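Enquirer: Attaching a single structure in C-alpha cells format; questions to follow.
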Amino acid sequence: MAHFISDDCLSCGACAETCPLSCISEGDTKYVVDADACIDCGACEEACPVGAITAE
Ligand code: SF4
Ligand code: SF4
C-alpha cells in the first residue's frame, strides 16, 4: 500500500513539503509518491488543495 497522486495534480508542491519522509518528488507531468518509502500516514492527502492524493 502507498498513497497515489492522480492526473488532477497541479504541481503546487504542498504535498512534498508535508510528507514527513520526503518521499514525494516532482515528476515530468505531476508530483509522484515513492511507493516503496510511503508509510501511508495520510498527511499529504490532507495537504492537497485539489484532492489529487488517495490511498491506493
Ligand atoms: S501518505 Fe505520508 S508518507 Fe506517504 S507520501 Fe503521503 S505524506 Fe508521505
Ligand atoms: S499537493 Fe496536490 S496538487 Fe499540489 S503537488 Fe501535491 S498532489 Fe499535486
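Enquirer: What is the sum of charges, Lys and Arg at +1 and Asp and Glu at -1, for the other residues whose Cβ falls under 13 Å from the Cβ of residue 27?
Expert: Its environment carries a net charge of -3.
Enquirer: Also, I was wondering about something else. Under a point-charge model restricted to the Cβ atoms of Lys and Arg (+1) and Asp and Glu (-1), what is the dipole moment magnitude of segment 3-55 relative to its Cα centre, in debye to the nearest 20?
Expert: Around 60 debye, computed over segment 3-55.
Enquirer: What are the extents of the Cα atoms of the chain along their three principal axes, listed from largest to smallest and rounded to whole Å?
Expert: On the principal axes, the chain reaches 23, 21, 20 Å in Cα extent.
Enquirer: Here's a follow-up. For residue 31, which sequence-distant residues (separation of 5 or more, or a different chain) have an amide H within less than 5 Å of its own amide H, given hydrogens modelled in the peptide plane?
Expert: Result for residue 31 returns 11.
Enquirer: Compute the distance from the alpha-carbon center of segment 41-56 to that of segment 16-38, in whole Å.
Expert: 11 Å
Every read-out reported here was derived from the displayed coordinates using simple, explicitly stated rules and does not represent laboratory data. Source: prediction; values computed, not measured. Cβ coordinates were reconstructed from backbone atoms using ideal geometry, including for glycine residues, and neighbour counts include every protein chain displayed.
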